[in-house]
Every structure is written in structure tokens, then in C-alpha cells.
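S.K.: Sharing a structure here in C-alpha cells format.
What follows is calculated from the coordinates using simple rules that are stated; it is not laboratory data. A quick note: this is a predicted structure, and the numbers were derived from the prediction, not measured. As a convention, Cβ positions derive from the backbone with ideal geometry for all residues, glycine included, and neighbour counts pool all protein chains shown.
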Amino acid sequence: MSSAAAVEALNTTPYRYGFVTDIETEKIAKGLDESVVRLISAKKQEPDFLLQFRLKAYAQWQLMEEPDWAALKYPAIDYQDIVYYSAPRQKEQKASLEDVDPALLETFDKLGIPLSEQKRLSNVAVDAVFDSVSIATTYKQKLAEHGVVFCSMGEAVKDYPELVERYLGSVVPIGDNFFAALNSAVFSDGSFVYVPKEVQCPMELSTYFRINSDDAGQFERTLIVAEEGSSVSYLEGCTAPMFDTNQLHAAVVELVALDDASIKYSTVQNWYAGDENGKGGIYNFVTKRGLCKGRRSRISWTQVETGSAITWKYPGCVLRGQDSIGEFYSVALTNHYQQADTGTKMVHVGPGSRSTIISKGISSGHSVNSYRGLVNIGPQARGARNFSQCDSMLIGDQAAANTHPYIQSRQPEATVEHEASTCHISEDQLFYLQSRGIESEAAVSMLVSGFCRDVFNQLPMEFAAEADKLLALKLEGSVG
Amino acid sequence: MPACEPSPVQTGDVLLSIENLHAHVEGNEILRGVSLRIRAGEIHALMGRNGSGKSTLSKVIAGHPAYTVTAGAIHYRGQDLLALSPEDRARAGVFLGFQYPVEIPGVSNLEFLRVSCNARRQHRGQEELDTFAFEDHVRDTMAIVQMNPAFLERSVNEGFSGGEKKRNEILQMALLEPLVAILDETDSGLDIDALRIVANGVKTLTLPTTATLLITHYQRLLDAITPDFVHVMAEGRILRTGDKDLAMALEQRGYDWIDGADTPQP
């Protein structure tokens, strides 16, 4: 099979996670105004500071314009045609897993995320979020023995209000951008992690986000705080059913690392991407930012983006601490009519701060895949260093790849290096593998996975193989 | 394709039969009527000027998509080879050792060799080798070309010297156990020691039931591996066929002697 035929085979990719769970949900009416914001806050029995946070954000959002600078084309989103709160109807208080609706447990089983005691992933604690709410968090007890808090944002607001009040919005201010403001007004659930001083979190933490409704948006909010000398590795995964309409996902993730703390945040994003004609799929508008607040603190973002009709996200680091380190490792694969505008922002404030950016974009079908990255070096950041490498791979002749690097430096003693390359999947490499008996689809997927190797090596071990498989699945015509 | 090999090969069986083959690339006709028959137990050498069509012939046999066959046929063990995909040709036992093996960054050489070897094994009805069994197998096999096992940990051909790339090609030949091996200028770019190692490797792998087509410019490879037939290509055809003495004569007198280009045209 020629590379053209191999590309053809890509266009029959199945989506394994496209099923809908039939479960009774509690939804509020479509549309957004101040009363909806108050209603969400009331449903979650929130303290007043949080209601005020939401109202302030809502007021700001109303004054803001949806950004149009990204290389993305999509019909205008009708924000009054979205349900802002949707929760599976279950017992008020989930005292234990036994109280969780079996249909929900079964859903996560089917997604490969077993929550029940016997079948749990070993050494990975999971928070499972279904539409607007967290339905279960595993290994809480074991983590608590080490003083690590891992729970849903809803629980954190009740149990650790002072921590939430102190850090929520401290990295991504409510008016940061249009989607962050919207999230700040209506966010539902998400995960909260707190790692105390000098504690190395004993297991991987993971949140699995599932959108189930066809008309509800998901607006989760995640906050991770790592105190002095602590470290934690966190992974999020995402899937959604196949609908021929689009669903909005506008999340905010904030990370705070104090002196000598280290946070590794990995994402495997596989939201439904729409069909081969570009119908349906998730609109993924996400704001993720880490604050390297302390000296020698370190925040590392690793993302494998394979899903969503539209991806708009720029996980970044504000490197405030002296000698702090920010890293961004990204693989973005687009196919059919998917559009991705993704990259990072590295803002160097502290002296001696360093950042590394490795981005691998793969575009096939009619998709558009853009890297957009900012490296900003402030006047105090003496001796700051950045290294960026952005590689794009094109499969077929209908796909597009763009690179938009922005470099701003107000510090003469800083070093910024940027390398970029674009290649087509090489016919000679493909032929070489085929001439050794490797069939063309497997050969394409081997080449793509080789192209992404530098980034996959950054993923936690448990997930590196998963990411490889996911990419192969996205690239192969076979049913997984 | 059947999942196992047809009946075993006997010495003297016709393995590869090329008849009046015409092929072009990007509108240029490169092969203009090549005919060649190769039997089990034979070693053929294919010589000729750069641009005479030797490499093109090898790539057409292996199924490179850039080349279009416009006339003629290739049969492999009686089967229409042109109807098969490149991977099926390889699985059936046709091997091409590349003149310029490509580098494949990020793909582990060990994993590549394992997937490749298993594809061929599966076709022959042999059990596939798991990671551990394969690693033992490949380490043993590497001895044939005196290759350092450290090359298993590297990406395919990435940063290999010219000689290391060629040894990696012969290693692949050893793992795939082809019935017909076409080696495209495997000797070029090798120093004397590397040439001896590669030539010895090829000799070890040459059996009475297999055939080899050596594409080369140099007598020194043919000193090490004596060919049964020597063919000279020019302008997309085989102009002359002889035995090892033809190669010796070419070494002394050059190609002009064959195609008569040094004879003043009337």
C-alpha cells in the first residue's frame, strides 16, 4: 500500500468511547444569567467567598469578547443554548463506593478505569468526573496516611475552604481570558490536590473526565498545590460519546509549586473528535497554567492531544522563583477536520529560570494543526534560558501545519533558542519498513510513534504504553 | 497470501523470472525491456554505469511505489510478484538490501527487527518470537556480521556510519532468511575490513536453496563472492551476460568496451 492508501486507511478510525450511559440526570435549564450562577453555587452549598468569586467572574465575562486570534474556524457558539449543570441523580451523600450508581461504575469500567476496590489500577489513585460532578475518588485513605489530599473540588470547598480561597484564581485570574472567566463563573467539579511539605506523593494521581450529555458543557476546575520540597505526578484522561452536535469543554487548571517542589502534569486527551466529515465533536477551550512560586520549583506539562473537534490550549508556566524550571512536552495529532491551536507560554520572571519546550504536531486528513507558543523573559530574569523545538509532520497532502513562536525578551543576559521543522511522512521510510514485511498501517504508526518518542519518554511509565496504543488506534483502520 | 510457504525449494528451481520489464518514474522511462531468470543456488552480479537502471530494477522488484511498471512481468516462484504489496513480497521471501538505508529516528532498532522478523516468521507458519526469545535470536545472528549488540538500543540506522548501516542490512537479511536477496551496492562505501565482514556474512547466508543478485561496481566484492552469472546493464536493458570473466574484463577495460560508446559513430 502506498502512503496515500495508508492515509486513506487513517480515515476510518473508530472511536471506542463513543457510547452514551443511560442514566437519570439532574439538569438545569439551558442558558446563562446571574441566577444560573447563583443556582450552581446554591446546589453545591458553597460558602459566600465562592459565590462572590463566581459573580465577579460572570460580570467580567459579560464584558469580554470571545478571542478570534487562533487559527481556528467554527460557527459562533450560542452560550444560551448550553446546559451549565448536569449531574447523575444519585444519593445525596456518597459515603462509599457502594453507594455509587452501578451504571456509573460500569461506565468507567467500560472506559478502562475500574473504580471498585478489587479491580483498581494499582498505584494510581483516580478521581472520576461525570459531566458536572465527581462520582468517586479511589485510594483516598492511603493518600491521607501521607497527608496528601486528593478529592473533588466540591469536597475541597467543604473540607479545605481556606486552601481553596487562598489559591483558587491565584494563577489564572478570573478575568484572564474569555473562557477562563466563563469557567470561573460556572465551574462545576474537578480535582483538588494538596501535597504537604517534604512529602513525595506515593502514587500517581489521575482524574478521568467523562462528558455524557449532548447539550451540557463541562467546566471543570482543577487545583494542585505542592508545598516546599514536595512532589506529585498527576494525569488526566478525557472521553465523550459520539454526538453529531458539538459540546463545549472549558476547563481551568491551576498549579502552584513552592520552594523545591515539583509537579508533573500529564494529559491524554481523547475527547470525541467528530466524524470523518467534521460533524460533531468537543470544542475544547482550556486554560492551564502553573506558577513556579518558589525557588528551584519545577512544573512539567506533558500532553498527548488526539481528540476534540477544536483544541485551544496553551499550558504554561510562570517562572517566578529563582532557578525555577518549566517544561512543556506535547504531541498533538489531528485527523479528518480536526483543528488544534495549541502550545505553551513560558513567562520567565525569576533570575536563572529555565524552560524547555518540545512540541510534535502530526496533521493528517483535512486537519489544521498549529503550534502557538510564547517565551517571555522579564527584566529581572538574569541568566534565564529557554530551548524550544517544534516539529510538524504532515500525512497526505490535504493537511496543514503552522508554527507561531512569539519570543519577547527584556533581559540582555538571557538565552533563547528556537528550532522548528516540518516534514512529510517520508515515502522512503515507509517503503523501508514495508520492504521488511511490516504492513503499511503499522509502518505509519511506527513512524509517527518514533516522531513522538521524545515526548512519550516524559509520560509516567503506566501511561506511555497507553499513549502509544492510543496513537496507533487513531492511525489504524482496525477496531481496537 | 497463504499463511505458509509453498513446497520447499530445490536447487535449480526458478525463483525469480523477469520478462521484458518496462518501468518509469516521474515520466522518465528507466527500464526498457529487462529479462532475467534466477534459479535457486545461483549468484548473479549486475553491473553497469550509474543511471543504467540497476537500482531501479531492484526497487521495482521490491515494490517501491514511486515506480510504475508499464509492460512486462515479474514472477516469483511462479506467482505474479507485481500483484503483491511491498510487505507481502518481503514476507514471501524477497529481500532488498538498500544502497542508502534510511534513518528512522525514535524507532528502536530492536523493536523494528523483531516486528520485521515476526512478519516473515508468521508467513512461514513459524511461531512468533516474544521480546526475550527474539533478543537471544538477534544477538546470535549479529555475530554473522560482527555487529555490536549496542546497535539494538539505537534508533533504526540513526547516526550509524556507512559501514554500520550496511551491516544492519545484512543482519536484516539474516533475520528474514529470504529466498531471493538483492543487494544494491552493499559494498560501496565500505573499507577493506568491513567489506570482508559483509561479504563473509552474505556468503554464510547463501544456500543451495536461495539466490542472490549482487548489484556492484567493483570486482573486489566478486573476488570474495564468485558469481555464476554477470550481467551488464545499459540504458534500461541487460546488454550482455557472461560469467565471472566478464566482470574481470570490465574491471580492466571499462564499460565503453561493452556498449561501444568509444567507437566513433559513422
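S.K.: Which whole number in µm²/s is D for the range A:99-242 by Stokes-Einstein, with the Kirkwood Rh taken over Cα pairs at 10 °C and 1.306 mPa s? It would help to have the intermediate numbers written out before the result.
M.R.: Details: Rh = 15.8 Å.
It diffuses with D of about 100 µm²/s by this estimate.
S.K.: Tilt of helix B:192-205 relative to the longest C-alpha principal axis of chain B, in degrees (0 to 90, nearest 10)?
M.R.: 80
S.K.: Taking Cα pairs under 8 Å and at least six residues apart, what relative contact order does chain B come out at, in percent? All intermediate terms of the calculation are to be shown ahead of the outcome.
M.R.: Numbers: 491 pairs, mean separation 71.9, N = 266.
It rounds to 27 percent for chain B.
S.K.: Under a Cβ-only charge scheme (Lys and Arg +1, Asp and Glu -1), can you give me the dipole magnitude of chain A about the Cα centre, in debye to the nearest 20?
M.R.: Numbers: 43 positive and 61 negative charges, 238 e Å.
Taking the Cα centre of chain A as origin, the dipole is about 1140 debye.
S.K.: Sticking with this one: Relative contact order of chain A, please, whole-number percent, based on alpha carbon pairs below 8 angstrom and at least 6 residues apart.
M.R.: Numbers: 1267 pairs, mean separation 58.7, N = 480.
Across chain A, relative contact order equals 12 percent.
S.K.: While we're here: Can you pull the mean other chain C-beta count within 10 Å for peptide B:155-168?
M.R.: Details: counts 2, 6, 1, 1, 0, 0, 0, 0, 0, 0, 0, 0, 0, 0.
Mean partner shielding for this stretch: 1.
S.K.: Hey, can you grab everything whose amide H is under 5 Å from the amide H of A:Gly190? Only 5+ residues off in sequence or another chain; H modelled, so Pro and N-termini drop out.
M.R.: A:Ser134, A:Met153, A:Gly154, A:Arg221
S.K.: Given chain A, what percent of its DSSP beta bridges are antiparallel, to the nearest 5?
M.R.: Of those bridges, close to 10 percent are antiparallel.
S.K.: Could you tell me the center-to-center distance, by alpha carbons, between the range A:71-91 and the range A:339-369 in angstrom?
M.R.: Spelled out, the Cα-based centre of one part sits 27 Å from the other.
S.K.: Could you point to the residue in A:Leu255, A:Pro67, A:Val157 farthest towards the positive end of the protein assembly as shown's charge dipole, with +1 and -1 charges on the Cβ of Lys/Arg and Asp/Glu respectively?
M.R.: A:Leu255
S.K.: Another question, then. Can you sort B:Cys117, A:Cys423 so the residue with the fewest Cβ neighbours within 10 Å comes first? Don't jump to the answer; show the numbers that get you there.
M.R.: On the way: B:Cys117 24, A:Cys423 12.
Ordered from fewest to most neighbouring Cβ atoms within 10 Å, B:Cys117, A:Cys423 come out as A:Cys423, B:Cys117.
S.K.: Roughly speaking, what is the centre-to-centre gap between the range A:236-284 and the range A:19-64 when only Cα atoms are used, to the nearest Å?
M.R.: 20
S.K.: Still on this model: Using a 10 angstrom cutoff on alpha carbons, build the Gaussian network for chain B and name the most mobile of B:Gly63, B:Gly93, B:Gly159.
M.R.: B:Gly159
S.K.: Let me ask something else. I need the phi-derived Karplus couplings for the range A:214-229: 6.51 cos²θ - 1.76 cosθ + 1.60, θ = phi - 60°, integer Hz, Gly and Pro marked x.
M.R.: Each residue's phi maps through the Karplus curve to give 8, 10, 9, x, 10, 10, 8, 9, 10, 9, 10, 10, 10, 6, 3, x Hz.
S.K.: Taking a quarter of the surface of the Cα convex hull of the range A:3-475, what do you get in nm²? Please list the in-between numbers first.
M.R.: Working: hull surface 84.5 nm².
For the Cα atoms of the range A:3-475, the hull's average projected area reads 21.1 nm².
S.K.: May I ask for the longest run of chain B untouched by GluC sites (Glu not before Pro) that are loop-located per DSSP and have at most 12 neighbouring C-beta atoms (other than their own) within 10 Å? Mind showing how you got there, number by number?
M.R.: Values: sites that count: B:Glu26, B:Glu127, B:Glu153.
Here the longest run is B:154-266.
S.K.: Just add up the charged neighbours of A:Gly383: K/R +1, D/E -1, any other residue whose Cβ is under 12 Å from the Cβ of A:Gly383.
M.R.: Details: positive: A:Arg354, A:Arg382, A:Arg385; negative: A:Asp323, A:Glu413.
Once positives and negatives cancel, what remains is +1.
S.K.: I'd like to compare A:219-231, B:49-61: which one has the highest average count of other Cβ atoms within 10 Å, and what's the full order after that?
M.R.: Working: A:219-231: 23.2, B:49-61: 21.2.
Ranking the peptides A:219-231, B:49-61 by packing returns A:219-231, B:49-61.
S.K.: While we're here: Averaged over its residues, how many other protein chain Cβ atoms are within 10 Å of peptide B:94-105's Cβ atoms?
M.R.: Working: counts 1, 3, 4, 1, 4, 0, 1, 2, 8, 3, 11, 6.
Partner Cβ neighbours, averaged per residue: 4.
S.K.: Kindly provide the helix-only [θ] at 222 nm of chain A, computed as the sum of -39,500 (n - 2.57) over DSSP H runs of four or more divided by all residues, to the nearest 500 deg cm²/dmol?
M.R.: Values: 12 runs with 111 residues, N = 480.
Estimated from H runs of four or more residues: -6500 deg cm²/dmol.
S.K.: How do the peptides A:32-38, A:384-390, A:463-469 rank, highest first, by the average count of neighbouring beta carbon atoms within 10 Å per residue? Provide the component values of the computation, followed by the final result.
M.R.: Values: A:32-38: 15.7, A:384-390: 20.9, A:463-469: 17.3.
In decreasing order of mean packing, A:32-38, A:384-390, A:463-469 become A:384-390, A:463-469, A:32-38.
S.K.: Can you compute the equivalent ellipsoid semi-axes for chain B, i.e. the square root of 5 times each eigenvalue of the Cα gyration tensor, sorted largest first and rounded to whole Å?
M.R.: Details: eigenvalues 184, 95, 61 Å².
That gives 30, 22, 18 Å for the three semi-axes.
S.K.: Going by how many other Cβ atoms sit within 10 Å of their own, how do B:Ile238, A:Ile263, B:Ile30 line up, fewest first? Don't skip to the answer; put the middle values down first.
M.R.: On the way: B:Ile238 19, A:Ile263 27, B:Ile30 22.
If I rank by nearby Cβ atoms, fewest first, I get B:Ile238, B:Ile30, A:Ile263.
S.K.: Now for a different question. Can you tally the net charge around A:His404? Count Lys and Arg as +1, Asp and Glu as -1, for every other residue whose Cβ sits under 14 Å from the Cβ of A:His404.
M.R.: Numbers: positive: A:Lys345, A:Arg372; negative: A:Asp341.
Neighbour charge sum, excluding A:His404 itself: +1.
S.K.: Taking amide H positions as placed 1.01 Å from N in the peptide plane, with prolines and chain starts having none, which residues 5 or more places from B:Gly33, or on another chain, fall under 5 Å of its amide H?
M.R.: Distant-sequence amide H within range of B:Gly33: B:Leu21, B:His22, B:Ala23.
S.K.: For every other residue with a beta carbon closer than 14 angstrom to the beta carbon of A:Lys27, add +1 if it is Lys or Arg and -1 if Asp or Glu, then tell me the sum.
M.R.: Values: positive: A:Lys30, A:Lys43, A:Arg89; negative: A:Glu24, A:Glu26, A:Asp81, A:Asp131, A:Asp214, A:Asp215.
Around A:Lys27, the charge tally is -3.
S.K.: Relative to the longest principal Cα axis of chain B, at what angle does helix B:109-123 sit, 0 to 90 degrees, rounded to 10?
M.R.: For B:109-123 against chain B, the angle is about 80 degrees.
S.K.: Measure nothing fancy, just the Cα-based angle from helix B:244-253's long axis to the longest principal axis of chain B, in degrees from 0 to 90, nearest 10.
M.R.: 60
S.K.: Taking the Cβ of each residue in A:Val448, A:Val331 as the centre, tally the other Cβ atoms inside 10 Å and list the residues starting with the fewest.
M.R.: A:Val448, A:Val331
S.K.: So, one more: Please average, across the residues of B:61-70, the number of beta carbons from any other chain that are within 10 Å of each residue's own beta carbon, and give a whole number.
M.R.: Working: counts 0, 4, 4, 7, 10, 4, 0, 0, 0, 0.
Across the residues of B:61-70, the mean count of other-chain Cβ atoms within 10 Å is 3.
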